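Written out below as structure tokens is the structure these notes cover.
The values are calculated or read from the model by the stated rules, or taken from the named source; none is laboratory data. Worth saying up front: this structure is predicted, and the values here are computed from it rather than measured. Counting neighbours? That spans all protein chains shown, and the Cβs are built from the backbone with ideal geometry, glycine included.
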């Protein structure tokens, strides 16, 4: 491969990029919002985590979040759901369209 003027810049980028990523974002698992987003992104799954333990912890938290959301949804569906003002007008328009 022939050396070009961009090779030193590319090499420097390869050296600096991982350090800067860690400095700016730290360990993904330490930030629960970032960890959950990484877990839910099918492009990353386990690849975004430094360890299997961090992945498992995030998976457990995400599972609890979903279970809690389902529980809340089920309990509120049994109660009367709040209907915003003008709800009946919107409903009538949708039904008759």
Determine which member of the set 67, 54, 62, 73 is in a helix (DSSP H, G or I), under 18 Å from the mean Cα position of the chain (by Cα) and free of Cβ contacts under 8 Å to residues at least 24 places away in the same chain. 67
Residue list for the range 39-51, restricted to those being part of a helix (DSSP H, G or I), modelled with pLDDT of 85 or more and closer than 21 Å to residue 18 by Cα: 39
